[in-house]
There are 2 protein chains.
Amino acid sequence: MQSKSESEIGKRKISGHQNQELEPNPGCGPGRLTIVSLGPGDPQYLAPRARTALERAEVIVGYKTYMDLIEPELLVKKETISTGMMKEITRCQMAIDRACQGKNTAVVSSGDAGIYGMAGLVLELLAEQNLMDHVKVEVIPGISSLSAAAALLGAPLMHDFAVISLSDLMTPWEDIRSRLEAAARADFVLVIYNPRSNKRDWQLEKAREIVLKFRKDDTPVGMIKNAMREGQAVKITTLSKLDVTDADMLSILVMGNSKTRILGKKMVTPRGYIEKRAAVTNVATNPKG
Amino acid sequence: MQSKSESEIGKRKISGHQNQELEPNPGCGPGRLTIVSLGPGDPQYLAPRARTALERAEVIVGYKTYMDLIEPELLVKKETISTGMMKEITRCQMAIDRACQGKNTAVVSSGDAGIYGMAGLVLELLAEQNLMDHVKVEVIPGISSLSAAAALLGAPLMHDFAVISLSDLMTPWEDIRSRLEAAARADFVLVIYNPRSNKRDWQLEKAREIVLKFRKDDTPVGMIKNAMREGQAVKITTLSKLDVTDADMLSILVMGNSKTRILGKKMVTPRGYIEKRAAVTNVATNPKG
């Protein structure tokens, strides 16, 4: 591993096939696997490169809810493989198998596939099966849920922020708790993924309690459901007034830092330009101040 | 402010003009101001909605380097206003003035305008001048630099991460230092913006030292310059081998957490699917284990 730790990767094209002598998986042909970020879901926010990748794909693989975000015309005459939740490994493995059969295969994720998405699992499975140099892989980034949520709220992410998933299915709650506390203490804006589901109904209330140890009751909180797609809901409230039962698996929350304010109907974390101007003006008017 | 703290904001359309009786700024017409995220710069990653906003704009305002990312055909027959760095307030004010004159005005930011971008300053200036209900504002999100960087590196952001700017122009170094330490201690993946410039040449080395207090020498670090545009460079190295002088103002760094690995030529932070499968398999084989 160490020998590969300082590797320069070429421009734009991901290299493949250099190590065909490895014969990693007999019968595995020269496949192409593209991990495609769908963005929020509305075609208005689908990057042209992602659209092209979907157009060119022979096989499209994804979680059912994400497949439904794809325009039907992009799925015509294609093999589509969709499975429910908790079938992530099966789904990614099927995509790898198709790519190995020589099919141009796309794995789709909503938002950005690189943020809590499928990009990592695909790469892990490829590495485990010694296929990294055999399958051409490209990750196409997209507009993440956090970017979509921030845009709808105003501008809450103008300063340092921490992104935390409250799902303790694969992460011990103690790790999540300590991250919430560290981020709240150091005055990061917090972006919360997976705040609540039917089975995980206490984590968000706990998170609010942790953050309230370090922030005022009236710290702005934004909650977004289905950003930029059917059923969109945008709410701006405060830490103390937040109704945690409002959140679900598809919600994203943004908890402001000590400087975040509500301006009109928008949530804004100042970057400091105006404060700096005020300071400069102040020095100019009161040269001794 | 409190009375507005729990406000439900309508679907997709930003409301405007409800408060025309306020007469906030005599002579200010019904303007439209769109804050447009350009994404990494390559038109392949420009969202259709952002493109449409640029096509419809009569005035386009932006930092010169960002204006150069826009396809020339989108600028034809338009008023364009570009200024250098450190003129952020002037630039945003000019955009507001044009919108108030009734012009359809776009302010552009590279990456996502909602992450360390211009969205916040525009909203702050509008609020300061009591224009929030008078100018129609929309923030169009884009593919952020962090998403573009992550996609080129592989999948380093599959788990919780903290985003920190090392620029101490408007933030005291002590705040930045304490955020670096908190994020490193709590095992967040770190995304570093503004790592180094000619004038700010010591912060990245200091950041590395702080992170090394909590992480191993061989923790993977990815450095990206000009993600998905002219001059792109992608490097994967480790915390101890990182050459900080390689970084510049346009670089983004991703420092792995304790679980981040280099797989082939990719940097991956496992989400936990494979570990969980292994645990399940283990329990199944050794029911008493």
Buried solvent-accessible surface, both chains (B, A), 1.4 Å probe, Å² to nearest 100: 9300 Å²
Rounded to the nearest 10 Å², the accessible area of residue B:214 at probe 1.4 Å: 70 Å²
At 7 Å out from Cα toward Cβ: residue B:44 inter-copy label distances (nm, ascending): 2.6
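Could you tally the net charge around residue B:78, taking each other residue with its Cβ under 13 Å from the Cβ of residue B:78, Lys/Arg +1 and Asp/Glu -1? Write out the running numbers ahead of the final one.
Values: positive: B:56, B:77, B:98, B:103; negative: B:55, B:58, B:71, B:73, B:79.
Counting the neighbours of residue B:78, the net charge comes to -1.
For peptide A:159-170, how many partner chain Cβ atoms fall within 10 Å of a residue's Cβ, on average?
6
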Three principal axis lengths of the stretch B:37-124 [C-alpha, angstrom, descending]: 31, 28, 21
Shielding by other protein chains, B:135-143, mean Cβ within 10 Å: 6
Sequence-distant residues sharing a close amide H with residue B:110 (under 5 Å, placed H): B:38
Among A:44, A:101, A:93, residue whose mean-square fluctuation peaks in a GNM of chain A (springs only between Cα atoms under 10 Å): A:44
Structure-based [θ]222 nm, chain B - -39500 (n - 2.57) summed over DSSP H runs of at least 4, per residue, nearest 500: -8500 deg cm²/dmol
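About the Cα centre of the stretch B:168-218, what is the dipole size in debye to 20, counting +1 per Lys and Arg Cβ and -1 per Asp and Glu Cβ, all else neutral? Present the calculation step by step, with values, prior to reporting the outcome.
Values: 11 positive and 10 negative charges, 10 e Å.
Rounded to the nearest 20 debye, it is 40 debye.
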Computed label-point distance, nm, for sites residue B:212 and residue B:87 using a 7 Å Cα→Cβ extension: 4.1 nm
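Averaged over peptide B:258-268, how many Cβ atoms belonging to another chain are found within 10 Å of each residue's Cβ?
For this peptide, the per-residue mean of nearby foreign Cβ atoms is 6.
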Burial order of peptide ranges B:51-62, A:242-253 (average beta-carbon count within 10 Å, highest first): B:51-62, A:242-253
Under 12 Å from residue B:235, Cα to Cα: aspartates and glutamates that are on another chain or at least 8 residues apart: A:6, A:8, B:243, B:246
Between 0 and 90°, nearest 10: helix B:273-285 axis offset from chain B longest Cα axis: 40 degrees
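Rg/Rh for the stretch B:162-289 to two decimals, with Rh computed the Kirkwood way over all alpha-carbon pairs.
1.08
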Over chain A, volume per residue of the alpha carbon convex hull, in Å³: 188 Å³
Long-range HN-HN contacts of residue A:60 with modeled amide H, under 5 Å: A:79, A:80, A:81, A:106
Normalised alpha carbon radius of gyration of the stretch A:92-246 [divisor 2.2 N^0.38 Å]: 1.23
Segment residue A:78-residue A:277, length gained on full extension (0.36 nm per residue, minus Cα span): 65.9 nm
Solvent accessible area, Å² - residue A:132, 1.4 Å probe, full protein context: 30 Å²
Distance violations [Cα-Cα > 20 Å] among A:225/A:265; A:64/B:265; A:259/B:206: A:64/B:265; A:259/B:206
Degrees, to the nearest 10: B:88-100 long Cα axis against longest axis of chain B: 40 degrees
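Please compute the Kirkwood hydrodynamic radius over the protein assembly as shown, one decimal place, Å, based on all pairs of different Cα atoms.
24.3 Å
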Separation in nanometres of the label points that stand 7 Å from Cα toward Cβ, at residue B:243 and residue A:230: 5.3 nm
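The values are calculated or read from the model by the stated rules, or taken from the named source; none is laboratory data. This one's a predicted model, so the numbers in the text were calculated from it and none came from an experiment. Because the Cβ atoms are built from the backbone with ideal geometry, glycine has one as well, and the counts that use them run over all protein chains shown. Note: areas computed on protein heavy atoms with side chains; ligands, DNA, RNA excluded. Shrake-Rupley method; radii C 1.70, N 1.55, O 1.52, S 1.80 Å.
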